[in-house]
Amino acid sequence: MKQNHTLSILVGNQPGAATKISGMFYRRGYNIETMTVYKTHILGLTKMIISGQASDRDAEHLRRQIENMVEVSEARLLDRSLTLSREMCLVQMEFDSDIEREAITRAASPYPFKIRAINGGSIILEVVAAPDIVDDFVSTMARYNMADISRTGMTVIGPNLPTVHDEF
C-alpha cells in the first residue's frame, strides 16, 4: 500500500547531484511531491528533503539505491512521528471591496497567517505550518479569488526530537 514517505539525503554540493537523484525517482516511476535542497552547515554538503508516495518496501529499496550513489553521504527515511516538518506558503488574493478583503482574512483566521502586503485590490498572506495545515489553508483560500501561490516544499528536522506540542 502506498503512503507518504520522507527521505533526507546528504549529498556532495556539486553540479548535477540533485538531477541524478531526482532521475533515480523518475527511472523507477515515483513522483516527487516536494523537494527542498539547501546547503548545510557542513562545508561541501547539501541536504535534500524529498517526499512522495510509495510502499514501505519500495521506499526502503529506493533509499538504499540512492545511498549507494557516489555523491551521497547518507540517505534516511524519516519517521514523521519523530520529526518536525514545516512549509511556507505565500498566496496573493484579489478582492473588489473591503468586505471581500475582510472575508478573506476571516477565512484565514484559523491558520497561523500573516499579512505581508496589501496593494489596491490584492493582499498577500503568508502561512508557515505543517504541510497538512498548509494544504488545508490553500483549499480554504481557493474558495476566493486566488491570483498566485508559491510554496517552498516541506523541510524537516529530526529524528530524535523531543515531543512537540503545537497545533500548527
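Some observations on this one:
- Some residue of segment 2-24 being among the hydroxyl-bearing types (Ser, Thr, Tyr) and over 23 Å from Thr152 (Cβ atoms): no
- Of all residues making up segment 119-138, the number that are farther than 23 Å from Thr6 by Cα and touching a residue at least 12 places away in the same chain (Cβ under 8 Å): 6
- In segment 69-95, residue surrounded by the fewest Cβ atoms within 10 Å (Cβ to Cβ) [restricted to those that are in contact (Cβ under 8 Å) with a residue 60 or more places away in the chain and in a loop (DSSP other than H, G, I, E, B)]: Asp79
- Taken as a whole, the condition of being modelled with pLDDT of 95 or more, open to solvent by 70 Å² or more (accessible area, probe 1.4 Å) and at negative phi does not apply to Glu100.
- Of the residues making up segment 46-68, those that are open to solvent by 30 Å² or more (accessible area, probe 1.4 Å), more than 13 Å from Tyr30 (Cα to Cα) and either touching a helix residue (DSSP H, G or I) at 6+ places or on another chain (Cβ under 8 Å) or not in a helix (DSSP H, G or I) (or both) number 3.
- Test for Ile157: is it modelled with pLDDT under 95, out of contact with any Phe, Trp or Tyr (no Cβ under 8 Å at 6 or more places or on another chain) and open to solvent by 70 Å² or more (accessible area, probe 1.4 Å): yes
- Checking every residue in segment 2-21 against the condition of being assigned to a loop (DSSP other than H, G, I, E, B) and in contact with a His (Cβ under 9 Å, 6 or more places away or on another chain) gives zero matches.
- Complete set of residues in segment 5-43 that are open to solvent by less than 40 Å² (accessible area, probe 1.4 Å) and not β-branched (Val, Ile, Thr): His5, Leu7, Ser8, Leu10, Gly12, Gly16, Ala17, Ala18, Ser22, Gly23, Met24, Phe25
The values are calculated or read from the model by the stated rules, or taken from the named source; none is laboratory data. Keep in mind it's a predicted model, so treat the numbers as computed, not measured. Using ideal geometry, Cβ is built from the backbone for each residue, glycine included, and neighbour counts are taken over all protein chains shown. In case anyone asks, the SASA skips ligands and DNA or RNA and just uses the protein heavy atoms, side chains included. Shrake-Rupley method; radii C 1.70, N 1.55, O 1.52, S 1.80 Å.
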